[in-house]
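All remarks here apply to the structure that follows.
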Amino acid sequence: KFIQSGNQRALLSWSGTMFEYLMPLLLMRNYPGTLLDETYTAVVQRQQAYGAELGLPWGVSESGYNARDMQFNYHYLAFGTPGLGVKRGLASDYVVAPYATVLALAVDPARAMRNLRTLITKGMENRYGLYEALDYTADRLPSGAKFAIVRSEMAHHQGMSLLAIANVLQ
């Protein structure tokens with residue numbers, strides 16, 4: 001099924017995550033003028049626009065978020081952008097995962113780099129790269145906080161980031 005995003009068409013996904021849409025670019029070539037090419041562009045632009053509407057960084061995908069289990073492990077969920085996924089409740093959470101922006105380097109490198117710089121200014125950088133996520137969901141934040149840093153690194157998100165960077169450099 002197709003959706004209209006701005007003046008472009010895009011394929012509809014389950015939860016509207018960057019992972020669902022941009023993971024194929026890690027392994028496959030993009031062919032300009034195809035429906036997939038149009039989808040990649042529309043999705044990145046919609047995520048950017050949604051972040052701008054909220055006045056926040058963009059890059060929403062599956063990630064850890066600011067809730068922990070009994071062993072203090074972060075919970076994990078697919079977060080998406082309203083209008084891109086059929087899953088209900090996409091607007092009730094806003095969790096930004098840096099790897100989602102790194103995946104978008106293949107589609108909009110200039111804006112992706114600006115967004116990564118913004119994430120770094122918010123304290124996301126660590127000795128291994130960037131932390132898992134920034135959780136902006138109000139009911140999961142400490143009193144008075146605007147966001148919470150999810151201080152973990154997931155190997156598969158780090159691996160996708162390294163592959164996306166290598167692809168852009170090649």
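Within the stretch 143-170, the residues that satisfy the criterion of being open to solvent by less than 30 Å² (accessible area, probe 1.4 Å) and among the aliphatic types (A, V, I, L, M) are Ala148, Ile149, Val150, Met160, Ala164. Among the residues of the stretch 91-121, count how many are within 18 Å of His156 (Cβ to Cβ) and under 12 Å from the mean Cα position of the chain (by Cα). Qualifying residue count for the region: 11. For first residues located in the stretch 143-170 and closer than 17 Å to Ala106 by Cβ, partners that are crowded, with 16+ Cβ neighbours inside 10 Å and aromatic (Phe, Trp, Tyr) and lie 6+ apart or on another chain with Cβ distances below 7 Å form the pairs His157/Tyr99; Met160/Tyr99; Ser161/Tyr99. Can you go through Arg88, Arg117 and tell me which one is assigned to a loop (DSSP other than H, G, I, E, B), open to solvent by 20 Å² or more (accessible area, probe 1.4 Å) and either of a type in the set (A, V, I, L, M) or more than 20 Å from Pro24 (Cα to Cα) (or both)? Checking each option against the conditions leaves just Arg88. When restricted to residues that are open to solvent by 60 Å² or more (accessible area, probe 1.4 Å), part of a loop (DSSP other than H, G, I, E, B) and modelled with pLDDT of 95 or more, the stretch 120-142 contains 1. Only residues that are assigned to a helix (DSSP H, G or I) and surrounded by fewer than 21 Cβ atoms within 10 Å (Cβ to Cβ) were counted across the stretch 91-101, and they come to 2.
Just one of the numbered conditions (1) over 24 Å from Ser15 (Cα atoms); (2) free of Cβ contacts under 8 Å to residues at least 24 places away in the same chain; (3) not basic (Lys, Arg) is not true of Leu77: (1). For Arg9, the conditions (1) modelled with pLDDT of 95 or more; (2) in a strand (DSSP E or B); (3) open to solvent by 70 Å² or more (accessible area, probe 1.4 Å) are fulfilled apart from (1).
The values are calculated or read from the model by the stated rules, or taken from the named source; none is laboratory data. Predicted model, so just to flag it, every value in this text is computed and none were measured. Here the Cβ is made from the backbone with ideal geometry for all residues, glycine too, and neighbour counts use every protein chain on show. Please note that ligands, DNA and RNA were not included when accessible areas were found on the heavy atoms of the full protein model with its side chains. Shrake-Rupley method; radii C 1.70, N 1.55, O 1.52, S 1.80 Å.
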